[in-house]
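A.B. asks: Below you will find the structure I want to go over with you.
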Amino acid sequence: MNAKKPFTVAAFASGGGSNLQVLIDKQRTGELPVRLAFTLSNNSKALALQRTRDAGALALHVSAKTEGSEAAVAEKMVRLLEEHRVDLLILAGYMKKVPPQVLTAMRNRVINIHPALLPAFGGEGFYGHKVHEGVVARGCQITGMTIHMVNEDYDAGQIVYQESVRVEPRWTAEEVGAAVLKLEHNSYWRVIRAFAVGQIQATESVSPSEAVRIDHEFFASMEFFGS
Ligand code: GRF
């Protein structure tokens, strides 16, 4: 047999995993042609792990507690990614910094979603609800989400795709968060599909702005660009 290896992804997640759930659902309907090798979490109680188990995929709790040290965590992550021949590592609400060993092993093949229009409201300290509180506190009239490649610097990798939403007057941070999450659910799986079908390709470049090559067909297929 010489079957082509399916495009293989793994997810790192710490929390609810609603973005991960969309990936699982889209995979099930056949709209997202990927194989989920495993989900890894630093948090044994993460709903993302349960969602993965419910989908019949491998769910792993990996932390300094389970492995003995941060160095051992990094080693285990690299081993898992190599063993499962993962093509793309998807960060889906992973609250810890990805170890440099993982970024080296997976150069230009780690992707993240951030709930704001980077570079605004990004960097260390801007995560979860804090992002939306910041947006409201500054009176932003527009916010959105950013899907970007991951490198050693927080939220600083190449931007792959962004979508925006108007912030209506008097919206609370919760309302902003809900509107942004809707954009996330609509976009993340499409970007991952673009990797799976070759419209977005990782390069070997060490230049952060050239981590991936994005074909015109990708943008043409996305709503935001008026396909
Ligand atoms: C999302 O808002 C994402 O932008 C951020 O973490 C959150 C994850 O949400 N990186 P969920 O766990 O997918 O529900």
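The values are calculated or read from the model by the stated rules, or taken from the named source; none is laboratory data. Computed from a predicted structure; not experimentally measured. FYI the Cβ positions are ideal-geometry reconstructions off the backbone, even for glycines, and counts take in every protein chain you see. These accessible areas exclude ligands, DNA and RNA; they are computed on the full protein's heavy atoms, side chains included. Shrake-Rupley method; radii C 1.70, N 1.55, O 1.52, S 1.80 Å.
A.B. asks: If a residue must be open to solvent by 50 Å² or more (accessible area, probe 1.4 Å) and in contact with an Asp or Glu (Cβ under 9 Å, 6 or more places away or on another chain), how many such residues does region 57-78 contain? Full working, then the answer.
C.D. replies: If we filter region 57-78 for residues that are open to solvent by 50 Å² or more (accessible area, probe 1.4 Å), which is where we start, we get 58, 61, 65-68, 70-71, 75-76.
From the residues that got through so far, the ones that are in contact with an Asp or Glu (Cβ under 9 Å, 6 or more places away or on another chain) too are 67, 75-76.
Count: 3.
A.B. asks: Do you know which of the residues in region 189-205 that are touching a Lys or Arg at 6+ places or on another chain (Cβ under 8 Å) and farther than 21 Å from GLU163 by Cα is surrounded by the fewest Cβ atoms within 10 Å (Cβ to Cβ)?
C.D. replies: Here the residue is GLU204.
A.B. asks: Here's something else I'd like to know. Sort through ARG85, ARG28, ARG53 and tell me the only one that's away from the ligand (no atom under 15 Å from the Cβ), in contact with a strand residue (DSSP E or B) (Cβ under 7 Å, 6 or more places away or on another chain) and in contact (Cβ under 8 Å) with a residue 12 or more places away in the chain. Steps first, please.
C.D. replies: Numbers: ARG28 fails: in contact with a strand residue (DSSP E or B) (Cβ under 7 Å, 6 or more places away or on another chain); ARG53 fails: in contact (Cβ under 8 Å) with a residue 12 or more places away in the chain.
Sole residue among the options that is away from the ligand (no atom under 15 Å from the Cβ), in contact with a strand residue (DSSP E or B) (Cβ under 7 Å, 6 or more places away or on another chain) and in contact (Cβ under 8 Å) with a residue 12 or more places away in the chain: ARG85.
A.B. asks: Please state which one of ALA11, ALA64, ALA74 is at pLDDT 95 or above and within 15 Å of the ligand (Cβ to nearest atom). Even if it seems obvious, please write down each step before you answer.
C.D. replies: Details: ALA64 fails: within 15 Å of the ligand (Cβ to nearest atom); ALA74 fails: within 15 Å of the ligand (Cβ to nearest atom).
Exactly one residue qualifies, and that residue is ALA11.
A.B. asks: Considering region 81-109 alone, what residues qualify as being touching a Ser or Thr at 6+ places or on another chain (Cβ under 7 Å), among the hydrophobic types (A, V, I, L, M, F, W, C) and more than 23 Å from SER207 (Cα to Cα)?
C.D. replies: Listed by number, the list holds a single entry, MET95.
A.B. asks: Being open to solvent by 40 Å² or more (accessible area, probe 1.4 Å), more than 15 Å from TYR188 (Cα to Cα) and either touching a Pro at 6+ places or on another chain (Cβ under 8 Å) or of a type in the set (Ser, Thr, Tyr) (or both) narrows it down to one of PRO33, PRO6, PRO100, so name that one. Steps first, answer last, please.
C.D. replies: On the way: PRO33 fails: more than 15 Å from TYR188 (Cα to Cα); PRO100 fails: either touching a Pro at 6+ places or on another chain (Cβ under 8 Å) or of a type in the set (Ser, Thr, Tyr) (or both).
Only one candidate qualifies: PRO6.
A.B. asks: Also: Just name the residue that is farthest from the chain's Cα centre (by Cα) out of those in region 103-112 that are open to solvent by less than 20 Å² (accessible area, probe 1.4 Å) and within 16 Å of the ligand (Cβ to nearest atom).
C.D. replies: VAL110
A.B. asks: Determine, yes or no, whether PHE38 is in contact with a helix residue (DSSP H, G or I) (Cβ under 9 Å, 6 or more places away or on another chain), open to solvent by less than 20 Å² (accessible area, probe 1.4 Å) and within 16 Å of the ligand (Cβ to nearest atom). Break it down stepwise before answering.
C.D. replies: Numbers: in contact with a helix residue (DSSP H, G or I) (Cβ under 9 Å, 6 or more places away or on another chain): yes; open to solvent by less than 20 Å² (accessible area, probe 1.4 Å): yes; within 16 Å of the ligand (Cβ to nearest atom): no.
So PHE38 does not fit the description; no.
A.B. asks: PRO119 passes all but one of (1) at negative phi; (2) away from the ligand (no atom under 16 Å from the Cβ); (3) open to solvent by 40 Å² or more (accessible area, probe 1.4 Å); which number fails?
C.D. replies: The single condition PRO119 does not satisfy is (2).
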